[in-house]
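Inspection log for the structure reproduced underneath, given as structure tokens.
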Amino acid sequence: MRTKLQPYLSLALLALHVPVFAQVCDPDVQRTAASYNFTIMHDDLVKDNRTGLIWTRCVSGETWRGDRCLSTSDDPDHGEYTWKEALEYAAASQRGGYTDWRLPNIKELNSIVEYACYGPALDQTIFDFSTLVFSSTGARQKEDKYGYVLGIYFHEGDWNTMKRTRHSHVLLVREAE
């Protein structure tokens, strides 16, 4: 016999089976970008002590609040730009009071990937995002040798080739003084 509550009970039971995704790190793999390699300058900026580079802790459209990145309500594009717009965004940024921000090249971007982890492939005490991020490094494709750039999908830490017209997030970097 079916009751009026049965559909609600089914939904409640289904909700209990929804997987919760969390970062997974392999303790047997040496850390490649662990928190001890970084110095937090202030909430939104961090210095990589190995490379001397200063990074924003969050991608475009987000800012560090408390212990994570949160969306900024004043960004109409939600932090996603074409590659050309990303270059302009970096050049115009004044985060942390600095005006010399730029897009990282693929080698610099790769230096913050934590290869011992995925979901995201970052040290979450330092960075808090898992999106695809542009680099300044161009990529050649057979069909169009100038229309592509390299980026990293930080959920897995994989390199990606993407069209410059694609919308993606931006992570800013600058040289330390």
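Checked against (1) closer than 23 Å to Asp43 by Cβ; (2) touching a residue at least 40 places away in the same chain (Cβ under 8 Å), Arg164 passes all but a single condition, namely (1).
Of the residues Asn37, Asn49, Asn110, which single one is modelled with pLDDT of 90 or more, under 14 Å from the mean Cα position of the chain (by Cα) and either crowded, with 16+ Cβ neighbours inside 10 Å or more than 22 Å from Phe134 (Cα to Cα) (or both)?
Values: Asn37 fails: under 14 Å from the mean Cα position of the chain (by Cα); Asn49 fails: under 14 Å from the mean Cα position of the chain (by Cα).
Being modelled with pLDDT of 90 or more, under 14 Å from the mean Cα position of the chain (by Cα) and either crowded, with 16+ Cβ neighbours inside 10 Å or more than 22 Å from Phe134 (Cα to Cα) (or both) holds for just one of Asn37, Asn49, Asn110, which is Asn110.
Residue count for segment 64-81 under the criterion of being buried (at least 18 other Cβ atoms within 10 Å of the Cβ) and either of a type outside the set (Ser, Thr, Tyr) or at pLDDT below 90 (or both): the result is 4.
Of the strands (runs of 3 or more DSSP E) entirely within segment 68-177, those holding at least 3 residues that are touching a Pro at 6+ places or on another chain (Cβ under 9 Å) and more than 15 Å from Ala33 (Cα to Cα) occupy 132-141. Condition test on Val170, is it modelled with pLDDT of 95 or more, at negative phi and of a type in the set (A, V, I, L, M)? The answer is no for Val170. Among residues that are more than 11 Å from the chain's Cα centre (by Cα), closer than 13 Å to Thr56 by Cα and crowded, with 18+ Cβ neighbours inside 10 Å, Ala90 is included.
In this structure, Thr131 does satisfy being in contact (Cβ under 8 Å) with a residue 60 or more places away in the chain and under 10 Å from the mean Cα position of the chain (by Cα).
I'm trying to understand the selection: among the residues of segment 52-63, which are at positive phi and either among the aliphatic types (A, V, I, L, M) or surrounded by fewer than 17 Cβ atoms within 10 Å (Cβ to Cβ) (or both)?
We begin by selecting, within segment 52-63, every residue at positive phi; these are 52, 61.
If the condition is that a residue be at positive phi and either among the aliphatic types (A, V, I, L, M) or surrounded by fewer than 17 Cβ atoms within 10 Å (Cβ to Cβ) (or both), then Gly52 is the only one that fits.
The values are calculated or read from the model by the stated rules, or taken from the named source; none is laboratory data. Computed from a predicted model, the values in this text were never measured in an experiment. Heads up, the Cβs are rebuilt from the backbone with ideal geometry, glycines too, and the neighbour counts pull from every protein chain shown.
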